[in-house]
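Nothing in this text is a laboratory measurement; each read-out follows from the coordinates by a stated rule. Model, not experiment: these values are computed from the prediction. Positions of Cβ are backbone-derived with ideal geometry, glycine not excepted, and every protein chain shown enters the neighbour counts.
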Amino acid sequence: MSAKTYPVAKSTRANAQIDAETYHKWYRESIENPDRFWDKHGMRIDWFKPYTKVKNTSFNGKVPIKWFEDGLTNASYNCIDRHLKTRGNQVAIIFEGDNPYIDKKITYNELYEQVCRLANVMKKHGVKKGDRVTIYMPMIPEAAYAMLACSRIGAVHSVVFGGFSPEAVAGRIVDCQSSFVITCDEGVRGGKPIPLKDNVDTAIHIAARQHVQVKNVLVVRRTGGKVGWAPGRDHWYHQELASVKTECPPVKMKAEDPLFILYTSGSTGKPKGVLHTTGGYMVYTSMTHQYVFDYRPGDIYWCTADVGWVTGHSYIVYGPLANGATTLMFEGVPNFPDQGRFWEVVDKHKVNIFYTAPTAIRSLMGAGDEFVKRSSRASLRILGTVGEPINPEAWEWYYNVVGDGRCPVIDTWWQTETGGHMITPLPGATALKPGSATLPFFGIKPQLVDAEGQVLDGPADGNLVIADSWPGQMRTVYGDHERFVQTYFSTYKGKYFTGDGCRRDEDGYYWITGRVDDVLNVSGHRMGTAEIESALVSHDAVSEAAVVGYPHDIKGQGIYCYVTLMAGQSGSEELRKELVAHVRKEIGPIASPDKIQFAPGLPKTRSGKIMRRILRKIAEDDFSALGDTSTLADPAVVEDLIANRQNRQ
Ligand code: 6R9
């Protein structure tokens, strides 16, 4: 690990909103007196009725978490209405199409009208406060309109990433019992169409078999491609919007009323519906967006994530729009038409703040510097990264080649569950160390604990927990509060367990080392090994499967599957292909196995537990130190696994 330090540059420090002194002062106050600190900063958003209570939380018992509980507000109002007087004609959203010749600018006035119209359409079809609405969309402005229209009328959105399969969409529709879906005829990425409406049709059939009826589907016309149509159920978005009013009053929401559900992978079972509520989430995302990116009015801000992930929720839509920013939505991919696309877009729209993922940085680094060098990038001031640990080589390339050594690299560690940034540098305050997410944001109390839960002091290596609540944290697993308590607060009593391993160095800097549970991080996408295993086992030829991650140059982690076949089946190249296709169908292309090893047996303890440690080592092609295998029920399986490993280096 690199121990190199980049001090805060004079130019960055000179006019930063938060310098080192302010950071330490505010941080101390936020930990010593959270009530006073958040009482002040909670007022950064608009409230119809201001709160009088600030923090009412416990990480014990049933883990009740309430912030600003007696206040009334609305997320859509904060993202739109409150800006109309001062910046109605300012661009709110820049849309950059997959096709480099297509772009569009939407002002706050236009955003207001679009969101109000859509909210009225939803109301017309009976959507009410508290109803769940599934959004399955590509990266087009209508995706943001849909989220904001839901929050305007108090409906709870569940955005499902457009790369997920019909089966995965159905599972998420069923889990939150959603009867209203917003989608698009087809998405376009890298010049290729994606059949979103067809996928929704299939998903609706699957959901119906589980007795969840989708009653209305609103379809945005993006490509004009041919789609199936269920009259009465399916409606064209543009037709519906044409015939409703352009005004729709925002519903007064309690701070703790649900804002959205977002499904994410855990170490066991099916994806969890992470539930975020209104007041605390808006305060936290807008505040982190402002200070972490040193956002100033007039800045052009671009986060390359998809709205299907939490990064898109917090840092394409809610945080930036609450701050009245201009946020860029990019429909395409980093390598289309070629690997220079990101930098071309930066120049075209004069982007000041750019936020992307290490997997994209690594793959563009691999394409060579020429793609970067043909752009000016003079507008860039801040570079951000999120999603997985960034290796120091990629960090240095991002800093030196993309940023010409001028722009701080802001490595933000956080999770779907945390709602917003948790451990991150602040541009004008924090000296940077490539590979470290550096220091906690205001109000965040990270601790490292050992396996027994003993809190470790000073420089240490351990599991990362958070000792106290912050406004942006998730409140429950939708429909399963017990699972929330079990998953996050039972491993280490009274503390939120992140699932990540972490090291703290002699300067108090945090270095995330990756997941310590059975969660993979493939190109920044979270996936449970259990989900991939159950997809494999649902294939007729498979009797058992174990999935582990292995280091992958571009993706961070690759997916390595050990598969035991049913008696009479034999492992062939053809079956391998079939299994890959099967997993893609069950979950989506992001879960495509990289390696499949047919294994007559898996290493198990006598009590039947699969020893993943051994499988991980073999997948890494490092079987010199397999550790103690004597407790295995059948130690001989290990030899076969080594002999047939798929990852020889
Ligand atoms: C925002 C997001 C969360 C997991 C998290 C960790 C990894 C995210 C990171 C990082 C090292 C960073 N992670 N950011 N690891 N450095 N800057 O990605 O949410 O999809 O829920 O993933 O991603 O392992 O626990 P989510």
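Summary table below
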{"item": "Around G479: net Lys/Arg minus Asp/Glu count, Cβ-Cβ under 14 Å", "result": "+3"}
{"item": "Computed label-point distance, nm, for sites A3 and K25 using a 7 Å Cα→Cβ extension", "result": "3.3"}
{"item": "Spin-label model distance (nm) - R648 vs T268, 7 Å beyond Cα toward Cβ", "result": "3.9"}
{"item": "Shape of the chain, Cα gyration tensor, a/c cut at 1.5", "result": "rounded"}
{"item": "Residues with amide H under 5 Å from that of I410, placed H, sequence gap 5 or more", "result": "L383, G384, T385"}
{"item": "Mean Cβ count within 10 Å, highest first, over the residues of peptides 102-111, 314-323", "result": "314-323, 102-111"}
{"item": "Cα-based shape type of the range 1-151, given that a ≥ b ≥ c are square roots of the gyration tensor eigenvalues and the cut on a/c is 1.5", "result": "oblate"}
{"item": "At R0 = 51 Å, FRET efficiency that the Cβ-Cβ distance of T246 and E32 yields, to 0.05", "result": "0.60"}
{"item": "Proximal charge balance of S286 [Cβ under 13 Å; K/R count +1, D/E count -1]", "result": "+1"}
{"item": "Spatial separation of Cα centroids for the range 354-385 and the range 534-602, in angstrom", "result": "33"}
{"item": "Amide H partners (placed H, <5 Å) of T438, local residues excluded", "result": "Y510"}
{"item": "Long-range lysine pairs (8 or more apart or interchain), the range 523-644, Cα under 20 Å", "result": "8"}
{"item": "The range 351-367 - phi-based ³J(HN,Hα) in whole Hz, Karplus 6.51/-1.76/1.60, Gly and Pro as x", "result": "5, 9, 10, 10, 10, 9, 10, x, 4, 5, 4, 4, 6, 6, 4, x, 6"}
{"item": "Euclidean distance between Cα centres, the range 387-437 to the range 57-105, Å", "result": "24"}
{"item": "Ranked by how many other beta carbons lie within 10 Å on average, peptides 640-647, 143-150, 155-162 from highest", "result": "143-150, 155-162, 640-647"}
{"item": "Whichever lysines have a C-alpha closer than 26 Å to that of K62, once near sequence neighbours (fewer than 8 apart) are set aside", "result": "K53, K129, K254, K270, K272, K445, K493, K495"}
{"item": "Net length gained if the chain between F48 and K85 were fully extended (0.36 nm per residue, minus Cα distance)", "result": "11.6 nm"}
{"item": "Simple Cβ-charge dipole of the range 523-644, Lys/Arg +1 and Asp/Glu -1, about Cα centre, in debye nearest 20", "result": "380"}
{"item": "Prolate/oblate/rounded call for the range 86-212, Cα gyration tensor, a/c under 1.5 rounded", "result": "oblate"}
{"item": "Length-normalised contact order of the chain in % [C-alpha pairs under 8 Å, at least 6 apart]", "result": "14"}
{"item": "Nonlocal amide H pairs with G420, under 5 Å, H built at 1.01 Å", "result": "Q415"}
{"item": "Relative contact order (percent, whole number), the range 523-644, Cα cutoff 8 Å, 6+ residue spacing", "result": "23"}
{"item": "Only Lys, Arg (+1) and Asp, Glu (-1) charged, at Cβ; the range 324-424 dipole about Cα centre in debye", "result": "360"}
{"item": "For the chain, Cys with no neighbouring Cys Cβ under 4.7 Å", "result": "C79, C150, C176, C184, C303, C407, C502, C561"}
{"item": "Whole-Hz ³J(HN,Hα) from phi, Karplus 6.51 cos²θ - 1.76 cosθ + 1.60, for the range 143-159, glycine and proline x", "result": "5, 5, 4, 5, 4, 5, 5, 4, 5, 5, 9, x, 6, 9, 8, 10, 7"}
{"item": "Spin-label pair I102/H211, simplified geometry with 7 Å Cα→Cβ offset, distance in nm", "result": "4.2"}
{"item": "MRE, 222 nm, helices only [DSSP H, n ≥ 4, -39500 (n - 2.57), over the chain, to nearest 500]", "result": "-8500 deg cm²/dmol"}
{"item": "Highest average packing first - 120-129, 193-202, Cβ atoms within 10 Å", "result": "193-202, 120-129"}
{"item": "Whole-number Å³ per residue for the convex hull built on Cα positions in the range 523-644", "result": "110"}
{"item": "16 Å Cα-Cα reach of K197 towards aspartates and glutamates, excluding residues that sit fewer than 8 places from it in its own chain", "result": "E142, E167, D185, E186, D234"}
